[in-house]
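This report concerns only the one structure given below.
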Amino acid sequence: MSRGSSPTLRKRRLVSELRRLREVAGLTIEEVGERLECSASKISRIETGRVGVSPRDVRDMLSAYDADVATLEELVQLAREARRKAWWDEFGDIVPGRYVGYEADADSIRTYQGLMIPGLLQCEAYTRALISQVLPDARTAEIDRRVRLRKARQALLSEDDPLRLHVVIDEAALRRLVGGVEVMRAQMARLLEVGALPNVTMQVVPFSAGGHAAMDGPFVILSFPERLDPDVVYIESTRSGVYLEQQSDVHSYAEMFERLVTSAQTPRESATLITEIARTLA
């Protein structure tokens, strides 16, 4: 799937354009609801992406906004594309489909992780051990599904047009013996392998750096190939995730990431540290 072509990003573009056109028309959400004889909450849920929007909804809304025929045809087609199934829909019960869709659409990702190895860099044994510890009641079939999903996501790094990944990892994540010594040895080898890819930049914040800009938690900044699709910051929590799309929020996290990069070791120094940790595990 080419960057920016998945239903997730299509939906994001669509609701953003519908909101913009309503504002250009000088209408409030309540006024649109009255014109279309529906609740204002429905219009609000459409504009925030909490519910799907049908081609018919788009036609009705654009008619209320006096949009031209070309715009109407373009957005109706976008609505059709946004309703298509994606490969990750089958995993919707175990992972936020919105995030996986953004990840699949992104052409670059900047991320920091302090407690564990980032998912895109995990080896299978580490993933299995981590899931077993975080979800102790998970059955083998569920763990297998989660591993299969993670592998599918990791394929983004080796496509013909691969995802560009800049990851900063706290040394604590490298030292924590998730799954035991053998698992961590395999994980260190995986990090060195992936870190050598031309589209991956991997840095480690060593303990010696002391406090740093991202001490309050992990985050992901996703960037997309089209200017129509502004960057998104994703902050994962135990039960759900938070998406920050305001330009001021994204700028704040981008600055935080740059400070973090300055605190971290260079990619070469980071590879040396990972190699040394691997040797201690031997």
Practice task
Taking Met116 as meeting all but one of (1) in a loop (DSSP other than H, G, I, E, B); (2) open to solvent by less than 40 Å² (accessible area, probe 1.4 Å); (3) modelled with pLDDT of 95 or more, write down the number of the exception.
Solution key: (2)
Completion exercise
Within the stretch 74-96, residues being within 17 Å of Val53 (Cα to Cα) and assigned to a helix (DSSP H, G or I) number 9
Practice task
Check the stretch 89-96 and report whether any residue there is in contact with a strand residue (DSSP E or B) (Cβ under 9 Å, 6 or more places away or on another chain) and either within 19 Å of Leu228 (Cβ to Cβ) or surrounded by fewer than 19 Cβ atoms within 10 Å (Cβ to Cβ) (or both).
Solution key: yes
Problem - Residues of the stretch 136-153 satisfying the condition of being of a type in the set (A, V, I, L, M, F, W, C) and either touching a Phe, Trp or Tyr at 6+ places or on another chain (Cβ under 9 Å) or open to solvent by 60 Å² or more (accessible area, probe 1.4 Å) (or both) - result: Ala141, Leu149, Ala152
Exercise for the section: State whether one or more residues within the stretch 98-108 are within 30 Å of Leu163 (Cα to Cα), assigned to a loop (DSSP other than H, G, I, E, B) and open to solvent by less than 20 Å² (accessible area, probe 1.4 Å). Expected result: yes
Exercise for the section: Answer yes if at least one residue in the stretch 35-56 is in a loop (DSSP other than H, G, I, E, B), at positive phi and crowded, with 16+ Cβ neighbours inside 10 Å, and no otherwise. Expected result: yes
Handout entry: Sole residue being open to solvent by less than 10 Å² (accessible area, probe 1.4 Å), in the same structural domain as Leu222 (by the TED database) and either more than 17 Å from Leu281 (Cβ to Cβ) or acidic (Asp, Glu) (or both), chosen from Leu191, Leu156, Leu163, Leu197
Key = Leu163
Exercise for the section: Answer with yes or no whether Ala125 is more than 30 Å from Ala254 (Cα to Cα), out of contact with any Leu (no Cβ under 6 Å at 6 or more places or on another chain) and either in the same structural domain as Asp170 (by the TED database) or at pLDDT 90 or above (or both). Expected result: yes
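The values are calculated or read from the model by the stated rules, or taken from the named source; none is laboratory data. All of these numbers come straight from a predicted model, not from anything done at the bench. Note: ideal-geometry Cβ built from the backbone for every residue, glycine included; neighbour counts use all protein chains shown. With ligands, DNA and RNA removed, areas are computed over all heavy atoms of the protein, side chains included. Shrake-Rupley method; radii C 1.70, N 1.55, O 1.52, S 1.80 Å.
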